[in-house]
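Data block below; observations after.
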Amino acid sequence: MSDRDREFSDFVAAQMEPLRGLAYLTCGDWQAAEDAVLVALAKLYVKWRRIDNPAAYARTAVVRAAIDETRRPWWRRERAQSNAMPDRPDARDDTNAVDERLRIREALQKIPARLRAVLTLRYLEGLSIQETAEALGCPEGTVKSYTSRGLEALRAAMGAEVFVSRENYRAARAV
Amino acid sequence: MPHELSEMLRDAQADAPPPRYGVQDALRAGRKRQQRRRALWAGTGSAAAVLAVAAAVAVPQLLPAGSGRSTTVNAGSTTASKAPAKAPFAYPSTAFSGTFAKYTVGDLTVDGTVLVTPGYQVASITAPGRGQAYEDENGDRYYAPNVIGHVVTYAKGVFDPSRARKDPKAGAGYFHAGEKKQAIKPGLPAPYAESTYTWKYADDAWAQVIVGGGLKYPATKLASIAQGLTGGAEQPVKVGLRLGYVPAGFALGAAGTTSDYLGATFDGTSYLRLIKGEFPYEKLTGTVGDPFIVRDKQLPILSLQIYPAREQKYDAPGTAAYCPQEGLCYRYTADKKFFVELNGGGFIGNTEMLKMLNSVTFANPADRSTWFAATEAVG
C-alpha cells in the first residue's frame, strides 16, 4: 500500500462513521447515506494531497451528495434569525429513549432536506453561518433563513419542544 | 419532553445499522473513480483536438472548458462589429412577457429572456466553453452551458440606484468589481462577490450586467454588454407544463427557462414560481430569490421546474406523481425523458402537492412550439 493510500485509509477509518451520521441526518435513509459517503470518499481519494482540509471537503461532498445542492444554485436575500427559544428542558426520561428517538426521527423527516442539512451542519457539526454557506454552496442569508425556518418547522413537528443551548447557539453563530 | 437541538440530532443518529461499507470499499471506489477519470480525460483529449479544429468559429460552445475563451474571442468580436444596427430596447408592456433579443459582444452571447417577474426580466450571458460538470448515475459526465452572468432590466421605478457606485472607467454607468472574499478555511478557494455594471436605460428605469467577480471582467467589458442591449418583439414567456389545480391564494410570480436562482439550465427546462401574497417590487438592488420577505414575514412560495430525466436523483418506476421526501414531489412525462419537480418549501403538504402534480398537462419539453404561455399555465 502506498503512503497516499495509507493516509487515506487512516482518514476513512476515523471519519467514515461521523460522515455516515451526517449523511443520514441529511437524507433520512441509512442506505442512501452510505452510498453518499462512498461517493464523497471516492471523490476525496482522487483529490487526496491536493486539498488542505480533507475533513471539510468530505463533509461538504457528503451533504451535497445527499441533497443534490449543485443542481439548484441559490440566490437569496437575507432574513433576520429569530433568537426566541423555548425554556430549558426538564430532566431526560431515559426509559422512553427509544420512543423519543423514533419521534425525533419522524419530526426531522417532516422538514425539507435543505433545512435539515442546515440545522445539522450548524448545530451538530458546529459550523458557523459562513462555513455552512460554503458547505452548501449558498449565500449566508440563505443559511440564516433556513436556520430560522428549519427551527420553526422542527418546533411545529415536535410540539415546540426544541431549543438551542446558549453554548451551541453561540458556537453555531461564530464565524 | 423538551430537546436541546444538538443532543436531539445526536440521538437521531444513534442505533445505526451495521455499515455496509468499510475502509477497503472506500479505497476501491476511489481507485475506480480515478481510473475512470483518467480514461475520460484521455478520451476527451483526442476528441477535443478534432472539435477545436472543426468548430472553433461555428460552434464555440463545443470547445472544452478553459480553452474556449482565447480561441474564440476574435470570431465573436467579428460578429459584433459586423452586426446591423441594434433594435431599441423597451420594457414589456404586459407582465410575464419578454423583450430581450439575442446579441453578441466579443466572445459573449446575451441570450433571449430566461426569466420574467412582475419587477424585472433577465437574460443570461453565455461564454464559450463548458459550464458546470455533472455526472449521471452511470458516472458519465455532461456539462451545463457556460453561463457567466446575466443582464437584468428592471421595470420603471423598481430599482434603487442609490447604492450603485460610480467608476470613471464605466462611462455613463456605475461599476462595482466583485471583490475576493476571505477563504473560509485553508485549502478552500476564496469566493468572489459579483461584479455589476448598473445603468439607466430609460426614464427611472435601470438595468444591470451581473457577472462573477472571479472572471475579472473590467468595467469596459461590462459596459460594452450594456451598450449592446438589444430589444426584440414582445413575446409571452412560455413553459412546458400547465397546471389544472393551484392551491388557494397562490398566483404566478415568475416564469422562464431558469429559476429565481438563475442557474444554467439544459434544453427542455422551464420554471414557474407561484407566490401567495403581494410581493412589492420596489427599491431592489438585485434580483430576488427565496425568501420573499414582506414586513419580516415570509410569503409562501411554490416552485415547479422541468428537468431532463438524467437530472433525477430520486428515480421511481412509472409516471405517477411521487414524493421521495416531505416537501419535494415529482412527476415524469409520458416518455420519461423529462420530469417536473415541485418544491413545496414546507408551505403546503405532500397531499396537496400530489394533487397539483396530478393536474399537470405536459407540453413536449423538447419542442418549444408546444409550450404554454405562463399566464395560461397557472389557472
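The values are calculated or read from the model by the stated rules, or taken from the named source; none is laboratory data. These numbers were taken from a predicted model, which means no experiment stands behind them. Note: ideal-geometry Cβ built from the backbone for every residue, glycine included; neighbour counts use all protein chains shown. The protein model used for the area step is the full one, side chains on, heavy atoms only, and it has no ligands, DNA or RNA in it. Shrake-Rupley method; radii C 1.70, N 1.55, O 1.52, S 1.80 Å.
Between A:GLN130 and B:LEU215, the modelled label-to-label distance comes to 2.6 nm, taking each label 7 Å out from Cα in the direction of the beta carbon. Legend: translational diffusion of the stretch B:177-286 by Stokes-Einstein, Rh = Kirkwood radius over C-alpha pairs, 37 °C, 0.692 mPa s; D = 187 µm²/s.
As a calculated quantity, the FRET efficiency between A:ALA13 and B:LYS156 at R0 = 41 Å, using C-beta atoms, amounts to about 0.05. With every protein chain in place and a 1.4 angstrom probe, the accessible-area ranking of A:MET16, A:MET158, largest first, reads A:MET16, A:MET158. Placing a pseudo-label 7 Å from each Cα along the Cα-to-Cβ vector at B:GLU282 and B:GLU7 gives an inter-label distance of 4.8 nm.
Put simply, the stretch B:237-379 fits an ellipsoid with semi-axes of 24, 17, 14 Å; these come from the alpha carbon gyration tensor as the roots of five times its eigenvalues, largest first.
Efficiency by 1/(1 + (r/R0)^6): what FRET value for B:LYS336 and B:ALA14, r their Cβ-Cβ distance, R0 = 51 Å, to the nearest 0.05? For B:LYS336 and B:ALA14, the calculated efficiency is 0.85.
Residues whose amide H comes within less than 5 Å of that of B:ARG130, counting only those at least five positions distant or on another chain, are B:ALA65, B:GLY66 (H built at 1.01 Å from N in the peptide plane).
Roughly how many Å is it from the Cα centre of the stretch B:331-379 to that of the stretch B:263-324, as a whole number? Answer, in whole Å: 12. For B:GLY232, the amide hydrogen comes within under 5 Å of the amide hydrogens of B:ALA90, B:PHE100, B:ALA101, counting only partners 5 or more places away or on other chains and with H modelled in the peptide plane.
Taking every residue in A:56-65 and counting other chain Cβ atoms within 10 Å of its Cβ, the average works out to 1. Peptide B:281-289 shows a mean partner chain C-beta count of 2 within 10 Å per residue C-beta. When the GluC sites (Glu not before Pro) in the stretch B:248-311 are filtered for DSSP coil states and for at most 14 other beta-carbon atoms within 10 Å of their beta-carbon, the remaining sites are B:GLU278, B:GLU282. Look at the dipole of the stretch B:237-379 built from charges on Cβ: of B:GLY277, B:ALA248, B:CYS323, the Cα furthest out on the positive end belongs to B:ALA248. For the stretch A:3-68, the square roots a ≥ b ≥ c of the C-alpha gyration tensor eigenvalues yield an a/c of 1.5 or more together with a/b exceeding b/c, which makes the shape prolate.
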